[in-house]
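The values are calculated or read from the model by the stated rules, or taken from the named source; none is laboratory data. Keep in mind it's a predicted model, so treat the numbers as computed, not measured. Reconstructed Cβ throughout: ideal geometry from the backbone, glycine too, with neighbour counts over all protein chains shown.
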Amino acid sequence: MLDAGCGLGDGLLALRQAYPLGEWHGLEWSRPLRWLCARRCPWARVERGDIWQADWGAYPLVYLFQRPESMPRAWTKACTDMAPGSYLVSLEFPVPGVTAQARMPTPGGRTVWVYRIQPNQPTGH
Ligand SMILES: C[S@@+](CC[C@H](N)C(=O)[O-])C[C@H]1O[C@@H](n2cnc3c(N)ncnc32)[C@H](O)[C@@H]1O
């Protein structure tokens, strides 16, 4: 599973707590953040790169915590790259105009939005 824009690794740490047997990858544009994340998450493969240039197709789940205005682009990319049945999971920001499969509150008071990629999913954007 991929944390697209993994920052310092807080998302990866939380996800691993939930799914300890998962295989975790992180992608981060900032060199210092990538380095720090790799130190904090030695069990993850953390690489420097652009989430929009990466291929999300190998992942059954892509998690991201980006910006509200990034969500239409993230949805289009998920529908293009990812296989039917896989999941796009967003902390805090929903995909405008797309019905989430689930929304869950976090202990910190944020919302996690879960979207499942369907066959021939229209991107809507
Ligand atoms: C709000 S932080 C989220 C960190 C982590 N995913 C979490 O949930 O704790 C967003 C991160 O995305 C990174 N980012 C933004 N645009 C990116 C891009 N195009 N490619 C790679 N990383 C990017 C930023 O540098 C930042 O570290």
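A few comments on the model shown:
- Selection of the range 72-125 for residues being of a type in the set (G, A, S), surrounded by 12 or more Cβ atoms within 10 Å (Cβ to Cβ) and modelled with pLDDT of 95 or more yields A74, A78, A83, S86, S90, A100.
- The set of residues in the range 3-38 being outside any helix (DSSP H, G or I), near the ligand (Cβ under 9 Å from one of its atoms) and within 20 Å of A74 (Cα to Cα) consists of D3, A4, G5, C6, G7, G9, G26, L27, E28, W29, S30.
- Residue match in the range 95-109 (condition: polar (S, T, N, Q) and in a strand (DSSP E or B)): no
- Test: residue in the range 47-66 that is in a helix (DSSP H, G or I), touching a strand residue (DSSP E or B) at 6+ places or on another chain (Cβ under 8 Å) and more than 8 Å from the ligand (Cβ to nearest atom): no
- Test: F65 is over 17 Å from Q53 (Cβ atoms) and touching a residue at least 40 places away in the same chain (Cβ under 8 Å): yes
- Any hit, the range 75-85, residues being outside any helix (DSSP H, G or I), among the charged types (D, E, K, R) and in contact with a Phe, Trp or Tyr (Cβ under 7 Å, 6 or more places away or on another chain): no
- For the range 59-71, filtered to residues that are in contact with a helix residue (DSSP H, G or I) (Cβ under 9 Å, 6 or more places away or on another chain) and of a type in the set (A, V, I, L, M, F, W, C), the residue that is surrounded by the most Cβ atoms within 10 Å (Cβ to Cβ) is V62.
- For first residues located in the range 82-93 and touching a residue at least 40 places away in the same chain (Cβ under 8 Å) and within 22 Å of G108 (Cα to Cα), partners that are near the ligand (Cβ under 10 Å from one of its atoms) and of a type outside the set (K, R) and lie 6+ apart or on another chain with Cβ distances below 9 Å form the pairs L91/G11; L91/Y63; L91/L64; L91/F65; L91/Q66.
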